[in-house]
Structure formats: structure tokens, C-alpha cells
Amino acid sequence: MTESTTSTMTEADARASVRAVVLELAPNGDESAAPDAHLVDDLGFHSLALLELAFTLEDEFDLPPIDEATARQITTILAVENHVVRELTERGEIVAG
């Protein structure tokens, strides 16, 4: 993405960017997928695709590597969004709006 991805953005912008990455990499991606769509069951992610998703999000948003325990708890689009938003908020890169 662009430099603006790692500068300040709104939470809505961050969530939209994360969702776009998830759906772009999803084997069964569908723009109409609900936020509670499961990565494995609904979107068809398998172990290699999940690793690709994790690495892509780390690169796109300059995130630290995710630990296995946290990764196992991230099972839906919304959970992915929440994780990235939490990381960006902690760094002060999410602005109100």
C-alpha cells in the first residue's frame, strides 16, 4: 500500500483496508462477506493462505509478527480488523473520525 497506510488514518479506513486485504487473499473471497465470516470455514483459508495473510498484513501495516496464541484466536474478518486496529491504535496511528 502507500505510505499513508502507516501514517495516521481513521479506524474506518483501517478496517476497510484490512477487509480489502483479507478478501483479496481469500480463496473464496466475496465482497459481500459479513464481518463475522470465518476465515477457514467461510472464506476457504488453509494454513499456507493464513500465513500469507499474516505476512501481508504485517508488511502492509508495519505490524510486529503475531504470536501463535493470538493467531489462533483470530478466526473471523472482524477479528483480523480488531487486531490490526488495536496495533495501530497502540502506536497512535488511528485518529478519531
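What the table below lists for this structure:
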{"quantity": "Helical segments meeting 18 Å axial Cα length and Kyte-Doolittle 0.5 threshold in the chain (DSSP H)", "calculated": "47-61"}
{"quantity": "GNM flexibility winner over the chain from Arg19, Arg86, Arg72 (Cα, springs under 10 Å)", "calculated": "Arg72"}
{"quantity": "Alpha-carbon spread of segment 3-92, three principal axes, descending order, Å", "calculated": "33, 28, 19"}
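Where a number appears in this text, it was derived from the coordinates with a stated rule and is not lab data. Not measured: the values here are computed from a predicted model.
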